[in-house]
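Taken together, the values in this text are just the output of simple stated rules run on the coordinates, not laboratory data. Since this is a predicted model, take the numbers as computed values, not measurements. Because the Cβ atoms are built from the backbone with ideal geometry, glycine has one as well, and the counts that use them run over all protein chains shown.
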Amino acid sequence: MKGGTVMKTMMIILLALVCGCAFLTGTGNISFAGEKVGVIVVDMQGDFTTWKNGSLAVAGTDKGFVEKVENATKQLAAKGLLIFGTQDWHPANHVSFFTNHSGKKPFEVIKINGRTQVLWPPHCVQGTKNAVVLVDNNLFLAIVKKGKNPKYDSYSGFQDDGGDKTEMNQILKRNGIQKVIVYGIATDYCVKATAVDAANSGYKVIVVEGLCKGVAPKTTEAALKEMKEKGITVVKELDQVMM
Ligand code: VGL
Ligand code: ZN
């Protein structure tokens, strides 16, 4: 090789090395190196899926979607990330069920003590078949149940509408988690609320849009916008965060 060619080759190798290192150490805003990353899989339960003919089935939640979420979660677990989950877990007399308000219809919005409450079809009733988390339960270090208090709804995995905290923050802290990857159902309700509360609790947050489904297109778009405005990183697919 001529001197020029050797120089060129060396420059290319150097460039590749620098780029590779930048990727590994996270010069961009998405990295694993140096930060302990956890995963929060939100409300992957039968009642939210078309696959299981759920009472509050979200469009696009067929068997293929659930498998995609499960496979992604397996990949992340294989990388050594700790996997956490949330599980909507309501008593039969829960405030969010339209059936517990006389004369009300599903999806009506009412005010309760000044709070906005969407009235849902009864869903995720404690102990029922469709309240089960569909993603292989062995993948989870912990699954945090929420919405147990009949008086308060709880879209967030961190706290309910009355301000009562779940054990989520403590569990993440105890495990040294600094950054969380969040996905599941539904983008516009429980994913958004959980991601926003994670950000407010001091975690760096990445939401994987392709591993989420929303109740309605309008509220889903608004939720993605709101999350981005709060400093949450929204990526389309998991390969944008995986090394
Ligand atoms: C959810 C409505 C009611 C959710 C839970 O998981 O997003 N949505 N309960
Ligand atoms: Zn619910």
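What to note about this one:
- Sorted by Cβ neighbour density within 10 Å, fewest at the top, the residues Ser102, Ser55: Ser102, Ser55
- When the helices of the chain are scored as -39500 (n - 2.57) per DSSP H run of n ≥ 4 and the total is divided over every residue, the value at 222 nm lands at -9000 deg cm²/dmol.
- Residues with amide H under 5 Å from that of Gly38, placed H, sequence gap 5 or more: Gln178, Lys179, Val180, Ile181
- If R0 equals 41 Å, the separation of the Cβ atoms of Lys36 and His101 corresponds to a calculated FRET efficiency of about 0.40.
- For the chain, share of DSSP beta bridges that run antiparallel, in % to the nearest 5: 20 percent
- With 27 Å as the limit, the listed pairs Lys165/Lys230; Lys148/Lys173; Lys68/Lys165 have Lys68/Lys165 beyond it between alpha carbons.
- Measure of compaction for region 119-219 (Cα Rg per 2.2 N^0.38 Å): 1.08
- Comparing Ala193, Gly85, Pro217 along the charge dipole axis of region 85-243, the residue lying farthest to the positive side is Ala193, per the Cβ-charge model.
- Once the Cα-Cα distance is subtracted from the 0.36 nm per residue extended length, the Thr50 to Gln178 segment shows a gain of 42.7 nm.
- Beta-bridge orientation, region 39-179: approximately 35 percent antiparallel, per DSSP, counting only bridges with both partners inside.
- Comparing Val133, Leu76, Phe65 along the charge dipole axis of the chain, the residue lying farthest to the positive side is Leu76, per the Cβ-charge model.
- For Tyr152, distant residues with modelled amide H under 5 Å away: Val95
- With the convex hull of its Cα atoms as the shape, the chain has an orientation-averaged projected area of 15.6 nm².
- Look at the dipole of the chain built from charges on Cβ: of Val144, Ile232, His94, the Cα furthest out on the positive end belongs to Ile232.
- Each residue of region 103-110 was assigned a 3J(HN,Hα) from its phi angle through the Karplus curve 6.51 cos²θ - 1.76 cosθ + 1.60 (θ = phi - 60°); the sequence is x, 9, 10, x, 6, 5, 10, 10 Hz, with glycine and proline shown as x.
- Region 46-177 shape via C-alpha gyration tensor axes, a/c threshold 1.5: oblate
- Taken about its Cα centre, the chain carries a charge dipole of about 340 debye when Lys and Arg each add +1 at the Cβ and Asp and Glu each add -1 at the Cβ.
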